[in-house]
Amino acid sequence: AAVVASCPMAVPAWTARRSCRKAFVALMLGSTSHEVVGQSHYASLANVPKGCYSYGYQHTPEMPNVTGQPFIMGSAMLCQQRCAATPGCAAFGYWTTNKECWLGGADSVIIVSQSLGVITGPARCHNATPQCGAIPGPSFPGATPAESRAAWQVGQQPANLQCWPRKPTGFPATCQSQTAIILQDTLTGWPGHCEGLMKITNLGDSETCQSRCFNSPLCGVWAQENSTSGDGTLTCWQGMFGQNCYDSSNGLSPPPGSNFRAQRVMHGTFRVLMNTANMQIKNLSKAFGIEMHPDWKEGAKACRKTCLSYLLCQYWQYSSVYGCWVEDDMSATIAYPLVNDGTEMNVGSYSALTVKAGEYIQHTCKAGVKEPLPTDPPYMVHTGGTTRHPAVPKYGVIETTLSPTEKIEVRQDEPFPLWATMLICVTVALCLGVVGAAVWMTMLDADKMGTMGMTSAPAKGLPGMLAGTGMGARLGGSRAQSFDSQASQSAPLVGGGGGGLLGFGHTTYQNLHFGAGGHGGYPPGPYGQQGMQHHIPGYHPAMGAQQGLTRDTLMQYAHHGRGY
């Protein structure tokens, strides 16, 4: 049974929070007259089939002329039930922060929500969700969002973590069948000097730094060392993916003779949806530079592992000039759906051509028998000498076993033909010759004009002949001024500007960044999203109560098992 009260106010836009809407919610919260009484088909978000709900996204536009919208519901499942019982409803959106339920018609599409704590899904779930096996067609990404959506047989690009298991509260759950796979290890040559790690101080009696990370899906890197505690005891550090792990200047750098161990971990498995070599995806974040990887293929392998270890990462790219860049929605948001519009991504630019390898992936958890954790024997602190490591291969080599479709694809452009280079050089030389001849003939004509009509000053070359006639302003001054102006307008090409050709806004290539302006760009351009609220789509259903989230806050919630 359902009792729905009508709202006397105009229905607000689904994508905006207006004051009247807030007043309405504040008035009706706690009232049972606006809540649908009933029992959902699913007991909790953990029971919803994988791939049915999307977290951090919403459908738009909302259905028009629906009396009482938004409805105040007790859960996303009840909101879905309301949608299924409403004629013409194809999708629902549920705001966990205020229990608002919005309904969308057949024309509604999924977009990234600018509000925290949003869950969206279709009117009905199916056990076999096509989003968890979909592959884009060759036209993806399209020039417009509509074209990009049409490139998927399911009619939409999969949302981030759409096919990952959830806890009853909606927070990402541990993948029981593939809890943890070791991607990199200091015992096999990986430096492990990562930045962006936080100290873990609440390990239980039966926990180790390693086991805590294995059982936390948001933990991509763990490390322990005994050089910072002051008394020689081990300190545990963990992070979502760790940055600049090959540089000890800012990251963990235990002195010789101390105990140090670190690993990079992948939770679950993944599918490769698209190769992103030779294209530039904006708003990626830098993971490390090219300094430690003279061979770009080794750098690409290490870059891939960085993204695989970060549950929120869908895109990674390795540039032979700018290094490794991965999706980090804590810093910037990638366009959804991805579009090839020259702004959110592009092909053919200099920056795009430096991208030698990259992928668009989907993190998944395959059903099956639970695999044992790759745990180590108890780690004992010793007091003498440096930790001895066995002979190991170079870091960057993938030790895990991947299926043929999951192997990394690297792409290297063919060298530029010699004949084409020679043809370009000859063409340039001819153009320079024509320009030089034109300038010489112009000077001869100017000399003749000065001889015939310019008698107010002795002929002392072009400036003297044109002095006092106005011709200097037209042929000399204005051209010189115009050239200076052009030079100043061209300054962003080499430095001091905020864009320009190819977006270069810095003097040297060493100072270029790989993403978009505001978050670092490769190179920076006019496409930064400074001041934009980043909701971190995909991992949370109920983040609205946690305004001003930080990476440390997320790690603490993941480690404490709290909140969601």
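The values are calculated or read from the model by the stated rules, or taken from the named source; none is laboratory data. Fair warning: this is a prediction, and the values are worked out from it, not measured in the lab. For neighbour counting, all protein chains shown are included, and Cβ atoms are generated from backbone atoms with ideal geometry for every residue, glycine included. Accessible surface areas use protein heavy atoms only, side chains included; no ligands, DNA or RNA. Shrake-Rupley method; radii C 1.70, N 1.55, O 1.52, S 1.80 Å.
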**OP:** For Trp164, list long-range residues whose amide hydrogen, built 1.01 Å from N in the peptide plane, is under 5 Å from its own amide hydrogen.
**Re:** Gly51
**OP:** Could you tell me, in Å, what Rg and Dmax come out for the Cα atoms of the stretch 102-245?
**Re:** 20.7, 64
Original post:
What percent does the relative contact order of the stretch 36-138 come to when contacts are Cα pairs within less than 8 Å and at least six residues apart?
Top reply: 36 percent
Original post:
Which percent of the accessible area of the stretch 170-242 is formed by carbon and sulfur heavy atoms (probe 1.4 angstrom)?
Top reply: 49 percent
**OP:** Show me 245-257, 68-80 ranked by packing, highest mean number of other Cβ atoms within 10 Å first.
**Re:** 68-80, 245-257
Original post:
How large is ³J(HN,Hα), in whole Hz, for each residue of the stretch 243-251 in order, when computed from phi with the Karplus curve 6.51 cos²θ - 1.76 cosθ + 1.60 and θ = phi - 60°, using x for Gly and Pro?
Top reply: 10, 6, 6, 9, 10, 8, 6, 10, x
Original post:
If the chain between Ala84 and Asn65 were fully stretched, how many nm would it gain, using 0.36 nm times the residue separation less the Cα-Cα distance?
Top reply: 5.2 nm
Subject >> Placed amide H near Cys236: partners under 5 Å, 5+ positions off or other chain >> reply: Ile200
Original post:
So for the stretch 232-375, taking the charge dipole from beta-carbon charges (+1 Lys/Arg, -1 Asp/Glu), which of Ala352, Val321, Gly239 sits furthest toward the positive end?
Top reply: Gly239
Subject >> Karplus-derived 3J(HN,Hα), 6.51/-1.76/1.60, for each residue of the stretch 182-190, Hz, glycine and proline x >> reply: 6, 9, 9, 8, 5, 6, 10, x, 6
**OP:** Provide the per-residue ³J(HN,Hα) series for the stretch 144-156, in order, calculated from phi with Karplus coefficients 6.51, -1.76, 1.60 and θ = phi - 60°, each as a whole number of Hz, with x at glycine and proline positions.
**Re:** 9, x, 5, 5, 5, 5, 5, 6, 9, 4, 7, x, 7
Subject >> Potential extension, Arg124-Thr169 segment - 0.36 nm per residue separation minus Cα distance >> reply: 14.2 nm
Original post:
With contacts defined as alpha carbon pairs under 8 Å and 6 or more residues apart, what's the relative contact order of the stretch 268-361 in percent?
Top reply: 45 percent
**OP:** Specify the inter-centroid distance of the stretch 216-249 and the stretch 45-114, based on alpha-carbon positions, in whole Å.
**Re:** 41 Å
**OP:** Using only alpha carbon pairs under 8 Å that are at least six residues apart, calculate the relative contact order of the stretch 62-105 and give it in whole percent.
**Re:** 46 percent
Subject >> Efficiency of FRET between Val435 and Val347 - r from beta-carbon atoms, R0 41 angstrom, step 0.05 >> reply: 0.80
